[in-house]
1. Quick check on segment 133-163: of everything there that is touching a Leu at 6+ places or on another chain (Cβ under 8 Å) and assigned to a loop (DSSP other than H, G, I, E, B), which residue is farthest from Thr43 (Cα to Cα)?
2. Find all pairs meeting these conditions: Cβ atoms under 8 angstrom apart; at least six residues apart or on different chains; first residue within segment 9-27 and β-branched (Val, Ile, Thr); second residue within 8 Å of the ligand (Cβ to nearest atom) and assigned to a loop (DSSP other than H, G, I, E, B).
3. Taking segment 10-22 as the region of interest, how many residues are near the ligand (Cβ under 8 Å from one of its atoms) and of a type in the set (S, T, N, Q)?
4. Within segment 178-226, work out how many residues are assigned to a strand (DSSP E or B), in contact (Cβ under 8 Å) with a residue 12 or more places away in the chain and small (Gly, Ala, Ser).
5. Going by the conditions given, is Lys41 without any contact (Cβ under 8 Å) to a residue 60 or more places away in the chain, within 11 Å of the ligand (Cβ to nearest atom), closer than 26 Å to Gly140 by Cβ and within 14 Å of the chain's Cα centre (by Cα)?
6. Report, ordered by the first and then the second residue, all pairs with beta carbons closer than 7 Å, sequence separation of six or more or different chains, a first member in segment 44-67 that is closer than 15 Å to Val83 by Cβ and within 16 Å of the ligand (Cβ to nearest atom), and a second member that is among the basic types (Lys, Arg) and at pLDDT 95 or above.
7. Looking at Val125, is it more than 14 Å from the chain's Cα centre (by Cα) and in contact (Cβ under 8 Å) with a residue 40 or more places away in the chain?
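The values are calculated or read from the model by the stated rules, or taken from the named source; none is laboratory data. Just so it is clear, the structure is predicted and the values come from calculations on it, not from any experiment. Cβ placement follows ideal geometry from the backbone for every residue including glycine, while neighbour counts extend to all protein chains displayed.
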Amino acid sequence: MIRLVDVEKEYDNGTKALNGMNLRIDDGEFVFLVGPSGSGKSTIIKLLTGEERSTQGRVVVNGYNLNNIRSWQIPYMRRTLGVVFQDFRLIEKKTVWGNLEFAMRAVGASPRGMRKRIPYVLDLVGLGDKADVYPNEMSGGEQQRVAIARALVNNPQMIIADEPTGNLDPQRSLEIMTLLERINSLGTTMLVVTHEKELVDRFSKRVVAIKEGVLVSDAEGGYYKV
Ligand code: ADP
């Protein structure tokens with residue numbers, strides 16, 4: 001779950017990125033976050049991951065109040081989130097299995113837990129036979145599937161995907177979005193930042209649109225009409 005209540009964010013140089021942003025996302029929802037470049041989408045993501053702090057207003061992520069979170073709690077908060085980026089951000093020197101193992105080791109998973117969980121998530125993203133392959137031997141769409149598997153491997157409550165299809169062709173983009181929809185149907189809350197209007201229009205989902213740091217539309221199905 002996410003709660004943004006009257007959130008303002010002013011960067012050190014005086015730029016106001018968010019100007020009274022309100023947003024509520026409940027567990028299990030699938031939400032597209034759209035808006036023009038510079039509207040504050042990345043700033044929202046950075047507030048949710050704890051990379052930036054709000055100047056004013058309340059930010060709550062999966063039960064953690066980020067206004068008064070202790071620094072030792074931040075890693076625990078982050079474990080409730082899986083993040084997927086436009087540029088995949090895989091470790092090139094590690095195989096697919098190695099990438100997922102690395103993410104599980106970071107949270108202290110047992111070898112037995114890894115042997116069970118990694119094949120499960122690889123099957124889920126359709127890469128059950130690619131465990132021993134290196135990222136540079138895969139297509140962009142496949143690499144993004146690995147990144148999604150990595151985001152899922154520690155069983156987060158929510159996935160935040162930041163322009164996940166930005167580097168992919170339309171067919172691959174559709175496949176990735178369909179995969180995110182399927183993962184959501186299995187129970188993971190999904191927040192997808194994108195500016196790909198045509199893609200958003202193909203899914204009947206809640207679309208939250210922001211502009212100049214405020215919410216301008218929040219509606220089910222299709223892109224926003226402003
Ligand atoms: P979007 O992701 O929608 O393109 P951003 O959240 O990146 O929008 O940016 C919102 C506004 O905040 C823009 O005016 C941008 O220039 C500014 N901004 C973003 N990050 C920083 C930063 N670290 N320091 C100063 N200004 C920033």
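1. Ranking the qualifying residues of segment 133-163, first place goes to Val153.
2. Here the result reads none, with nothing in segment 9-27 linked to a residue that is within 8 Å of the ligand (Cβ to nearest atom) and assigned to a loop (DSSP other than H, G, I, E, B).
3. Here the count works out to 2.
4. 2
5. no
6. Leu47/Lys9; Thr49/Arg78; Gly50/Arg78; Glu52/Lys9; Glu52/Lys46
7. For Val125, the condition - more than 14 Å from the chain's Cα centre (by Cα) and in contact (Cβ under 8 Å) with a residue 40 or more places away in the chain - is met.
Residues checked against (1) under 19 Å from the mean Cα position of the chain (by Cα); (2) of a type in the set (A, V, I, L, M); (3) more than 17 Å from Pro135 (Cα to Cα):
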{"position": "Gly50", "(1), (2), (3)": "yes, no, yes"}
{"position": "Val61", "(1), (2), (3)": "yes, yes, yes"}
{"position": "Leu66", "(1), (2), (3)": "yes, yes, yes"}
{"position": "Gln73", "(1), (2), (3)": "no, no, yes"}
{"position": "Met77", "(1), (2), (3)": "yes, yes, yes"}
{"position": "Glu92", "(1), (2), (3)": "no, no, no"}
{"position": "Met104", "(1), (2), (3)": "yes, yes, yes"}
